[in-house]
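J.: Have a look at this one before I ask anything.
The values are calculated or read from the model by the stated rules, or taken from the named source; none is laboratory data. Quick caveat: nothing in here was measured; it's all calculated off a predicted structure. Heads up, the Cβs are rebuilt from the backbone with ideal geometry, glycines too, and the neighbour counts pull from every protein chain shown.
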Amino acid sequence: MSACGGTPAATSWVGASAGEDTVYVAYTNRVTAVRVNDGSMAWQYPAESSGQRVFYASPEPTDGQVVVGDYSFKLVGLDAANGSEKWSFDRSKGRYVGGFLAVDGTILAPSADHTLYALNDQGEFLWEFTTGNALWARPASDGELVFQPSMDHNLYALQLTDGTQAWKTDLGGAAVYSPILSEDGVLYLGTMANEVLAIQASDGSVLWRFEAGGAIWTRPVLHEGSLYFGDIQGNIYSVDPQSGDTNWRVETGDTVVGSPGILPDGLVFVSEKGNVLEIGFDGQRLWTQTISGKLYTSPQVFEDRIVVPVTQGEQLLVAFDFKGNVIWNFAPPK
């Protein structure tokens, strides 16, 4: 990741995603399933680590399985109940860095070999689409088109059925995080060129560009008529999704990476120096807690708690209630 200008200081960080009552975590040589209720471990994959495989891409839970990918170019489907391997796919020639997307029985896996791979839910190859540079961002989809950002500065729209290109849009900078698709058919995504763009999903036309104070290493969140995101210079923004005008900006003094989670009273953000903070929908700071370690991964929000993945810390996960009180910690067995 040091190849990109203005990036966070880590070489890589925890990948995490939320199931119904489980958080799935990919970090170093293991993928771990942790029960959200009490922080106990459900399973680990592989059961016995050889130290040769490295996992950082966020797992994708779907239809009784969890899709995970590693830095050895291998994609696997795991049984969500016990972590046993159901299938594997080794067509990629590059690392799996970002997360995956499962939609309508199709698994979409972006790879650092510049290629988006599409598989069925049994891990069988369907189609591929190659761009001009590495793919680190998880795609988005409306069920007909797949929207894949690339580090070649383009956003591609592809037919979900066969990968045929519908359109592409020049973003003006590399995109390393997933876009969000609104109900009215607008894509919002950030770039390393310090911008957030609104793009019409039907034809790829740019509706507006918002200039931030630093690179955007996050997926914006849309909630009740406002768009929220942070930048690596430590700014948190609320923006009007129709016009791109600023509602408010909060300075945190620390790198903000990873998407915010939505709480009843505001949004929970994490920052590189270990701060977990809730910002109200009006921009007021509600609470802050500090964890030992670095926070680069989006917090996972469940019905009554927040689970925060930790990079380079004593704990791998820390769970908070919505007032910022610690409920449990999880450190994987050695």
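J.: Does any residue of region 254-261 turn out to be in contact with an Asp or Glu (Cβ under 6 Å, 6 or more places away or on another chain) and free of Cβ contacts under 8 Å to residues at least 60 places away in the same chain?
T.: So in region 254-261, the residues in contact with an Asp or Glu (Cβ under 6 Å, 6 or more places away or on another chain) come out as 254-255.
Narrowing further to those that are free of Cβ contacts under 8 Å to residues at least 60 places away in the same chain: 254.
Scanning region 254-261, I find at least one residue that is in contact with an Asp or Glu (Cβ under 6 Å, 6 or more places away or on another chain) and free of Cβ contacts under 8 Å to residues at least 60 places away in the same chain, so the answer is yes.
J.: Then there's this: When only residues in region 277-293 that are of a type in the set (Val, Ile, Thr) and in a strand (DSSP E or B) count, which is nearest to Asp240 (Cα to Cα)?
T.: Within region 277-293, the first condition is being of a type in the set (Val, Ile, Thr), and the residues that meet it are 279, 288, 290-291.
Those left that are additionally in a strand (DSSP E or B): 279, 288, 290.
Working: Ile279: 17, Thr288: 26, Thr290: 30 Å.
In this case the residue turns out to be Ile279.
J.: OK, next. Within region 244-260, take every residue that is among the aliphatic types (A, V, I, L, M) and part of a strand (DSSP E or B) and give me the one that is surrounded by the most Cβ atoms within 10 Å (Cβ to Cβ).
T.: Within region 244-260, the subset among the aliphatic types (A, V, I, L, M) is 250, 256-257.
Filter once more, keeping what is part of a strand (DSSP E or B): 250, 256.
On the way: Val250: 18, Val256: 29.
Within region 244-260, the match that is surrounded by the most Cβ atoms within 10 Å (Cβ to Cβ) is Val256.
J.: Being more than 23 Å from Ala137 (Cα to Cα) and assigned to a strand (DSSP E or B) is true for just one of Val34, Val68. Which residue is that? Give the derivation first.
T.: Values: Val68 fails: more than 23 Å from Ala137 (Cα to Cα).
The match here is Val34.
J.: Okay, moving on. Could you run through region 89-104 and say how many residues are part of a strand (DSSP E or B) and over 16 Å from Gly15 (Cβ atoms)?
T.: Applying the first criterion (part of a strand (DSSP E or B)) to region 89-104 yields 89, 101-103.
Next, only the ones that are over 16 Å from Gly15 (Cβ atoms) stay: 89, 103.
Adding up the residues that qualify gives 2.
J.: Something else: Restricting the search to region 318-334, which residues are within 26 Å of Pro46 (Cα to Cα) and out of contact with any Gly (no Cβ under 7 Å at 6 or more places or on another chain)? Don't jump to the end; show me each part of the working.
T.: Taking region 318-334 and keeping what is within 26 Å of Pro46 (Cα to Cα), we get 318-319, 328-334.
Answer for region 318-334, where residues must be within 26 Å of Pro46 (Cα to Cα) and out of contact with any Gly (no Cβ under 7 Å at 6 or more places or on another chain): Val318, Ala331, Pro332, Pro333, Lys334.
J.: A follow-up question, please. Can you work out which of the residues in region 227-243 that are crowded, with 18+ Cβ neighbours inside 10 Å and among the small types (Gly, Ala, Ser) is farthest from Leu267 (Cα to Cα)? Give the derivation first.
T.: First pass over region 227-243, keeping only residues crowded, with 18+ Cβ neighbours inside 10 Å: 227-232, 234, 236-239, 241.
Narrowing the set further to residues that are among the small types (Gly, Ala, Ser) leaves 230, 234, 238.
Numbers: Gly230: 11, Gly234: 15, Ser238: 11 Å.
Among them, the one singled out is Gly234.
J.: I need a count of the residues in region 49-63 that are modelled with pLDDT of 95 or more and farther than 19 Å from Pro332 by Cα.
T.: 3
J.: Being of a type in the set (D, E, K, R), more than 16 Å from Gly15 (Cβ to Cβ) and part of a strand (DSSP E or B): is that true of Lys86 here? Write out each step before concluding.
T.: On the way: of a type in the set (D, E, K, R): yes; more than 16 Å from Gly15 (Cβ to Cβ): yes; part of a strand (DSSP E or B): yes.
The answer is yes for Lys86.
J.: Then there's this: I want to confirm something. Restricting to region 161-204 and keeping residues that are of a type in the set (D, E, K, R) and either touching a His at 6+ places or on another chain (Cβ under 8 Å) or in contact (Cβ under 8 Å) with a residue 12 or more places away in the chain (or both), which single residue is farthest from Thr255 (Cα to Cα)?
T.: Of everything passing the filter in region 161-204, Asp162 is farthest from Thr255 (Cα to Cα).
J.: Take region 215-252 and flag every residue that is among the small types (Gly, Ala, Ser), within 21 Å of Asn154 (Cα to Cα) and out of contact with any strand residue (DSSP E or B) (no Cβ under 7 Å at 6 or more places or on another chain). Explain how you work it out, then say what you get.
T.: Quick first cut of region 215-252, residues among the small types (Gly, Ala, Ser) only: 215, 225-226, 230, 234, 238, 243-244.
Restricting the remaining residues to those that are within 21 Å of Asn154 (Cα to Cα) gives 215, 244.
Within region 215-252, just Ala215 meets the criteria.
J.: Please work out if Gly99 is buried (at least 23 other Cβ atoms within 10 Å of the Cβ) and closer than 19 Å to Gln300 by Cβ. Write out each step before concluding.
T.: Values: buried (at least 23 other Cβ atoms within 10 Å of the Cβ): yes; closer than 19 Å to Gln300 by Cβ: yes.
Here the answer is yes, as Gly99 does meet what is asked.
J.: State all residues of region 294-320 that are under 22 Å from the mean Cα position of the chain (by Cα), surrounded by fewer than 21 Cβ atoms within 10 Å (Cβ to Cβ) and not in a strand (DSSP E or B); if no residue qualifies, say none.
T.: Across region 294-320, the qualifying residues are Phe302, Glu303, Asp304, Arg305, Gln312, Gly313, Gln315.
J.: Let me ask something else about it. Please find, within region 321-334, the residue that is surrounded by the fewest Cβ atoms within 10 Å (Cβ to Cβ) out of those that are hydrophobic (A, V, I, L, M, F, W, C) and part of a strand (DSSP E or B). Working first, answer last.
T.: Filtering region 321-334 down to residues hydrophobic (A, V, I, L, M, F, W, C) leaves 322, 326-328, 330-331.
Going one step further and asking which of them are part of a strand (DSSP E or B), we end up with 326-328, 330.
Values: Val326: 14, Ile327: 16, Trp328: 18, Phe330: 21.
Restricting to residues being hydrophobic (A, V, I, L, M, F, W, C) and part of a strand (DSSP E or B), the top hit is Val326.
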